[in-house]
Amino acid sequence: MRRLPASSISLLQSLAEQFGLAIERLVAREDAQNHRQNLQGFFHALQDFVFVLNDLGEIQYVNPAVHAKLGYDDKLLGKSILAVHPERVHASAWMIVTDMLQGKRTSCPLPILRADGSELMVDTRIVHGRWNGKPALLGVSRDISEQRALEQALQQQRDTLRTLINTIPELVWLKDVNGYYLACNPAFEALFGHTEADIAGKTDFDFVDADLARYFRANDLAAIEAGHVTSNEEWLTFASDGHRALMSTCKTPMYSTDGTLQGVLGISHDITQRVAAEQALQSSLHEKEALLKEVHHRVKNNLQIISSLIRLEAGRTRQEEVKSVLGDMQGRIRSMALLHELLYRSPSLAEIDMGQYIRQLAMQVFSANVSKRAPVDLKIDITPVAANLDQAIPCGLLVNELITNALKHGFPESHSGSISVELHPVGESSLWSLSVSDSGIGLPEDFESKRQGSLGLQLASGLANQLGGALSVGPGTKFSVRFSIVEHAPAAVAA
């Protein structure tokens, strides 16, 4: 076989190398083209905004989302990336991009411009890469406007809540389940004499003595165990100025939306002045009650003196009519004296047990008038009820008049029988019925004509009207009145 010249072999080797390099370049170009097509297909599928920049920051490629959502056309290509950002953020944008490329930060939250000039908040990620075989920056921007709006709304709520807590004059604090402080307001800072920053993350044991800290912790656990608000009163010393105050403290467990226990919320209110005022008011009330009791006692004594003077005068006269009149006056005075005696002994100075008063009064009037007569029984059937002084006085005088009249006119000295005194509510209404009846000789035939001239019956009718009712007669010798008992309304007492 004939050998080729050395020069021909050298030429063929050179051509082979050139063809090899050409084939490698074609393959590399085809791989790059395929890679680019793969990236473009991926970018087309993204709903985020994709920007490819050259090393000068000029836009080389944008994905369809930039056209569809931002409204740009192909004229954007070749322009600086700053063209899609407001001018006010240009300086900070380059600084943020530089920090990201140096690994100092991972995100770039900046506003981006739509083609119509409106703004949209996006968060951008930037990496080094290659595009068309050349170094490039690949940026992907995601719309975070809704997220940012939610974050701003949440922050506004937090600011509002913080402002509210800080302006509350009461002590407010939050602890986790282990007793570590999470937050507190300025009023609470005064208790420990430290700022919220110093208090957060610590427990009561870092600020007060161990016994008080254990007491606080026991109350925390009691609120958690109860599962609802618990309260207590406690004397506390404020580290800010050393003053002591009586605090009313409420604690309640805090739960997350899924029911998980988060900790304890506490609120303390200074009740030192309120308690002092209540004690002063209570002391004033005791003094006034003692004064009123003394007044009732002295009125009762004075009425008894008047009754004694009348009795003496009645003993001096020989005229039976005068004695009868003075005896009636004495009975009326004794009925009022008894009322003041009961008020003096009553726990309430504003109202009296009407049942007890009428029972004792009836027995008193009966015993004063029946000693020299034939046997007459007294029957009392009374439902207990409380009434004020304005109703008790006319009611007592009315009972006195009716029993006195019954004994005087219904039972001659040789006639026996009974007298009944009753006080009961009328059905389901608010009315009460007071009646005095007897089984004596009955009413005379000319009762109605004599009724107008009887001082006792005129007085009884006036007393019935004063009670808000009207005196009725019958059946038989039964005198009754229906009236409403006024409930006592407590009046304000000046200190």
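The values are calculated or read from the model by the stated rules, or taken from the named source; none is laboratory data. Treat the numbers as computed from the prediction; the structure is a model and nothing was measured. We place every Cβ from the backbone using ideal geometry, glycine too, and count neighbours over all the protein chains shown.
One table, with the values for the structure above:
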read-out: When residues of the stretch 381-418 are limited to those that are assigned to a strand (DSSP E or B) and closer than 23 Å to GLN466 by Cβ, the one farthest from the chain's Cα centre (by Cα); value: ILE382
read-out: Filter result for ILE112 (of a type in the set (Val, Ile, Thr) and in contact with a helix residue (DSSP H, G or I) (Cβ under 8 Å, 6 or more places away or on another chain)); value: yes
read-out: Tally of residues being touching a residue at least 40 places away in the same chain (Cβ under 8 Å), surrounded by 18 or more Cβ atoms within 10 Å (Cβ to Cβ) and under 16 Å from ASN132 (Cβ atoms) across the stretch 45-74; value: 5
read-out: Matching entry among LEU246, LEU221, LEU212, LEU261 (being out of contact with any His (no Cβ under 9 Å at 6 or more places or on another chain), in the same structural domain as ASN185 (by TED's automatic domain parsing), aliphatic (A, V, I, L, M) and within 25 Å of THR167 (Cβ to Cβ)); value: LEU246
read-out: First in the stretch 240-267 and on the phi < 0 side of the Ramachandran plot and at pLDDT below 90, second anywhere and assigned to a loop (DSSP other than H, G, I, E, B) and surrounded by fewer than 18 Cβ atoms within 10 Å (Cβ to Cβ), Cβ under 9 Å, 6 or more apart; value: SER240/GLY193; ASP241/GLY193
read-out: Per-region count, the stretch 220-258, residues under 22 Å from PHE207 (Cβ atoms) and part of a helix (DSSP H, G or I); value: 5
read-out: So THR160, is it free of Cβ contacts under 8 Å to residues at least 24 places away in the same chain, loosely packed, with under 12 Cβ neighbours inside 10 Å, outside the structural domain of ASP206 (by TED's automatic domain parsing) and part of a helix (DSSP H, G or I); value: yes
read-out: Top-ranked residue in the stretch 399-429 [being among the hydroxyl-bearing types (Ser, Thr, Tyr), surrounded by 12 or more Cβ atoms within 10 Å (Cβ to Cβ) and farther than 15 Å from ILE358 by Cα; ranked as modelled with the highest pLDDT]; value: SER418
read-out: Every residue from the stretch 190-206 that is of a type outside the set (Val, Ile, Thr) and closer than 25 Å to LEU261 by Cα; value: GLU196, ALA197, ASP198, ALA200, GLY201, LYS202, ASP204, PHE205, ASP206
read-out: Among (1) at pLDDT below 80; (2) touching a Lys or Arg at 6+ places or on another chain (Cβ under 8 Å); (3) among the small types (Gly, Ala, Ser) - the single one SER449 does not satisfy; value: (2)
